[in-house]
1. Taking residue 4 and the conditions (1) closer than 29 Å to residue 95 by Cα; (2) surrounded by fewer than 17 Cβ atoms within 10 Å (Cβ to Cβ), which numbered condition does it fall short on, given that it satisfies the others?
2. Take the residues in segment 242-269 that are over 12 Å from the mean Cα position of the chain (by Cα) and more than 25 Å from residue 76 (Cα to Cα), then tell me which one is surrounded by the fewest Cβ atoms within 10 Å (Cβ to Cβ).
3. Give the residues of segment 22-53 that are in a strand (DSSP E or B) and touching a residue at least 24 places away in the same chain (Cβ under 8 Å), sorted by residue number.
4. State the number of residues belonging to segment 153-170 that are surrounded by fewer than 21 Cβ atoms within 10 Å (Cβ to Cβ) and closer than 21 Å to residue 227 by Cα.
5. Would you tally the residues in segment 90-111 being in contact with a helix residue (DSSP H, G or I) (Cβ under 8 Å, 6 or more places away or on another chain) and farther than 21 Å from residue 60 by Cβ?
6. Given the criterion modelled with pLDDT of 95 or more and surrounded by 19 or more Cβ atoms within 10 Å (Cβ to Cβ), identify the matching residue among 198, 176, 185, 214.
7. Applying the selection to segment 77-132, what residues are exposed (fewer than 14 other Cβ atoms within 10 Å of the Cβ) and over 26 Å from residue 166 (Cβ atoms)?
8. For residues that are in a loop (DSSP other than H, G, I, E, B) and surrounded by 19 or more Cβ atoms within 10 Å (Cβ to Cβ), tally how many sit in segment 270-292.
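The values are calculated or read from the model by the stated rules, or taken from the named source; none is laboratory data. These numbers come from a predicted model, not from an experiment. Positions of Cβ are generated from backbone atoms using ideal geometry, with glycine treated the same way; all protein chains shown enter the neighbour counts.
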């Protein structure tokens with residue numbers, strides 16, 4: 001199992017360590033609920049250095065990114081980030097990712113930790129553009145500083161004004177280290193992500209400087225457990241749960257990033273056909289007043305038969321009620337429709353609601 005450059009810090013903090021995506025990662029330090037509320041109410045820091053950074057270099061870098069991603073990367077200007085996805089030829093999702101335009105001939109693709117090797121190999125297989133594809137995932141540390149007080153914390157140790165728009169980035173010096181600073185958080189709160197190179201001592205120095213700057217705000221470390229509940233309260237998809245090679249972006253509610261008017265990209269033709277024929281199922285947000293825990297894989301029923309399944313579920317620490325995402329047949333995918341969680345042989349009524357679960 002791999003370790004991030006901050007593994008020793010997590011151990012010293014008493015974090016519960018779990019194996020995740022080939023890494024030993026902190027799942028929680030105090031409790032998932034406490035850490036979740038720290039982010040919603042003040043500020044927390046996530047070590048997400050297990051994420052992948054793959055660079056696309058060359059004169060046809062944009063053409064290549066356009067070919068392998070469903071969003072329109074030609075709309076990116078310098079300093080912009082784009083949420084996108086890559087699809088197999090049958091429309092199944094290879095991964096969801098972030099696309100950073102560093103310059104006209106250099107893009108950074110940030111991919112999910114569990115998919116780094118698979119994504120890299122898939123990019124190599126589809127490289128008919130003569131670009132260089134370089135996987136620098138092991139060289140980068142990535143920290144996410146999230147919460148309403150995140151700007152006040154990071155500004156103390158950043159040499160540039162942090163008034164940047166959502167899905168923008170710039171190069172800056174933070175705690176004496178040159179790095180990329182962006183705003184693309186997956187929590188629904190104000191937040192920043194910092195990408196930087198360096199050994200364990202560099203990473204620990206940056207971490208310590210952030211925590212010293214955030215002391216007045218009672219800044220806390222946050223593990224993968226709260227990262228999951230925070231993203232679910234916003235209805236954000238998680239690869240391996242809500243999207244994978246068996247789902248397409250249209251049924252997963254990612255039609256807004258799937259630009260079918262682009263000249264060409266892998267899976268365009270099949271996705272156009274799927275749209276023309278009509279979706280058979282949709283990913284929907286579900287909420288129930290019952291005190292239950294809707295877990296991934298639970299059946300969803302209506303009229304005494306199975307109509308789908310839960311892909312992600314939790315008890316929202318903010319709403320204090322059960323929430324979930326799940327695929328249902330299209331006729332049951334409308335807001336206000338009642339369906340049931342099948343939990344231990346019992347049908348528990350739930351309603352299709354509107355995202356996000358927690359209104360910001």
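1. (2)
2. Result: 246.
3. 23, 25, 26, 27, 28, 44, 45, 46, 47, 52, 53
4. Result for segment 153-170: 2.
5. 3
6. Going through 198, 176, 185, 214 in turn, the sole match is 214.
7. 89, 90, 117, 121, 124, 125, 128, 130, 132
8. Qualifying residue count for the region: 1.
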